[in-house]
1. I'd like to verify a number: residues in region 129-148 that are farther than 15 Å from ALA111 by Cα, over 15 Å from the mean Cα position of the chain (by Cα) and of a type in the set (Asp, Glu), how many?
2. So, in region 72-111, exactly how many residues are closer than 14 Å to ILE174 by Cα and of a type in the set (S, T, N, Q)?
3. Do you know which residues across region 59-103 are of a type in the set (Asp, Glu) and more than 17 Å from ARG190 (Cα to Cα)?
4. Can you name every residue in region 48-76 that is part of a helix (DSSP H, G or I), out of contact with any Leu (no Cβ under 9 Å at 6 or more places or on another chain) and open to solvent by less than 40 Å² (accessible area, probe 1.4 Å)?
5. Spot the failing condition for ARG86; the list is (1) without any contact (Cβ under 8 Å) to a residue 60 or more places away in the chain; (2) of a type in the set (Lys, Arg); (3) closer than 16 Å to VAL60 by Cα, and only one is missed.
Amino acid sequence: MLAALLLLSGGGSTAFGQGESATAAEIRQMLENRDQHIKSILGETDDYTAEQRAQLKELVNGVIDFRVMSQRALGPHWADLSTDQRGEFVSVFREVVRAQSMSDLGVYNSAVTYDQIDVQRDSAFVRTQTKYEGRTTPVEYVLERREDEWRAEDIIIDGVSTVEGYARSFQTVIRTRGFDSLMKSLRKKRDEVTSEAGGGR
């Protein structure tokens, strides 16, 4: 799920013509530029330098609003946390996702087609189809514009919301074992995945 979560990429054909709004075109261009940059680094090899892996990690994850995603995943429990607890949660959660995103770099060579981009003021919904290893999967993105930047707050893969998946998992742990137990598990996961990914954050 975590690797697929970060499939926000472009480079395929689009379903838009003369009716595409300027803002929708801006979003599509942003995603296509990002995708082209990722593919230019991936190239035809699977042997990457530390610098290339750092670039890929930033490109893949830079569009995600981890603070908003964290808040939505924790739901009502977010309000119970101190500023320090919120900051640590966002930091560790971000590190886990960023490290996991590097587990299967081949996925970022997926062919992507855009079916729809709906924009309502500072909110946008992007519907795509990704094709990877012969399988086509619908992937949808919930975007918000803050300070003139579009950021992803949720990614819906094959009809399943990533945020809702995190919410079920995280909130169950908090209800049954408490926030400290959730943080302990996340720190352990962070250490495991960053070690597997080569230690870079």
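The values are calculated or read from the model by the stated rules, or taken from the named source; none is laboratory data. Computed from a predicted model, the values in this text were never measured in an experiment. Using ideal geometry, Cβ is built from the backbone for each residue, glycine included, and neighbour counts are taken over all protein chains shown. Keep in mind that these areas ignore ligands, DNA and RNA; they rest on the heavy atoms of the full protein, side chains included. Shrake-Rupley method; radii C 1.70, N 1.55, O 1.52, S 1.80 Å.
1. Going through region 129-148 one residue at a time, the tally reaches 2.
2. Selection size over region 72-111: 1.
3. Hits for region 59-103 are ASP65, ASP80, ASP84.
4. Of everything in region 48-76, those that are part of a helix (DSSP H, G or I), out of contact with any Leu (no Cβ under 9 Å at 6 or more places or on another chain) and open to solvent by less than 40 Å² (accessible area, probe 1.4 Å) turn out to be LYS57, LEU59, PHE66, VAL68, MET69, SER70, ALA73, GLY75.
5. In the conditions (1) without any contact (Cβ under 8 Å) to a residue 60 or more places away in the chain; (2) of a type in the set (Lys, Arg); (3) closer than 16 Å to VAL60 by Cα, ARG86 misses (3) alone.
For every residue, the table says whether it meets (1) without any contact (Cβ under 8 Å) to a residue 40 or more places away in the chain; (2) under 30 Å from GLU32 (Cβ atoms); (3) aliphatic (A, V, I, L, M).
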{"site": "GLY134", "(1), (2), (3)": "yes, yes, no"}
{"site": "ILE157", "(1), (2), (3)": "no, yes, yes"}
{"site": "VAL163", "(1), (2), (3)": "no, yes, yes"}
{"site": "SER169", "(1), (2), (3)": "yes, no, no"}
{"site": "THR172", "(1), (2), (3)": "yes, no, no"}
{"site": "LYS184", "(1), (2), (3)": "yes, no, no"}
{"site": "VAL193", "(1), (2), (3)": "no, yes, yes"}
